[in-house]
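Here the structure is laid out as structure tokens; the discussion comes afterwards.
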Amino acid sequence: MKAGEPVNTLPASLFDSLKSLPGFKDNHVSFYYAHLVANPHITIAFDGLPFKNNLHWVALFISEKFPGSM
């Protein structure tokens, strides 16, 4: 993040990054993307995590919102 940049600025490649995560259905990725867009502070934390932790965060969210789907 740069000085003077709004805190709610989303990474330009956020959706592409989510789509590249293996093992998730399109509707799950879209739902998680909507969650990140609505919660920029979570997006900032998510974007700073290593790949394996991104997978874990998405899996936790999807299993909570779509029980039995994974």
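Taking only region 14-29 into account, find how many residues are surrounded by 13 or more Cβ atoms within 10 Å (Cβ to Cβ) and out of contact with any Asp or Glu (no Cβ under 9 Å at 6 or more places or on another chain). Summing the residues that are surrounded by 13 or more Cβ atoms within 10 Å (Cβ to Cβ) and out of contact with any Asp or Glu (no Cβ under 9 Å at 6 or more places or on another chain) in region 14-29 gives 6.
Within region 32-44, the set of residues being more than 9 Å from the chain's Cα centre (by Cα) and surrounded by 13 or more Cβ atoms within 10 Å (Cβ to Cβ) comprises Asn39, Pro40, Ile44. Applying the criterion of at least 1 residues that are of a type in the set (Asp, Glu) and touching a residue at least 24 places away in the same chain (Cβ under 8 Å) to the helices (runs of 4 or more DSSP H) found wholly in region 6-70 leaves 40-47.
Selection within region 45-70: residues that are open to solvent by 70 Å² or more (accessible area, probe 1.4 Å) and among the aliphatic types (A, V, I, L, M). The member of this set that is modelled with the lowest pLDDT is Met70.
The values are calculated or read from the model by the stated rules, or taken from the named source; none is laboratory data. What you are looking at is a predicted structure, and each value in this text was computed from that prediction instead of being measured. Heads up, the Cβs are rebuilt from the backbone with ideal geometry, glycines too, and the neighbour counts pull from every protein chain shown. SASA here: full protein model, heavy atoms, side chains in, ligands and nucleic acids out. Shrake-Rupley method; radii C 1.70, N 1.55, O 1.52, S 1.80 Å.
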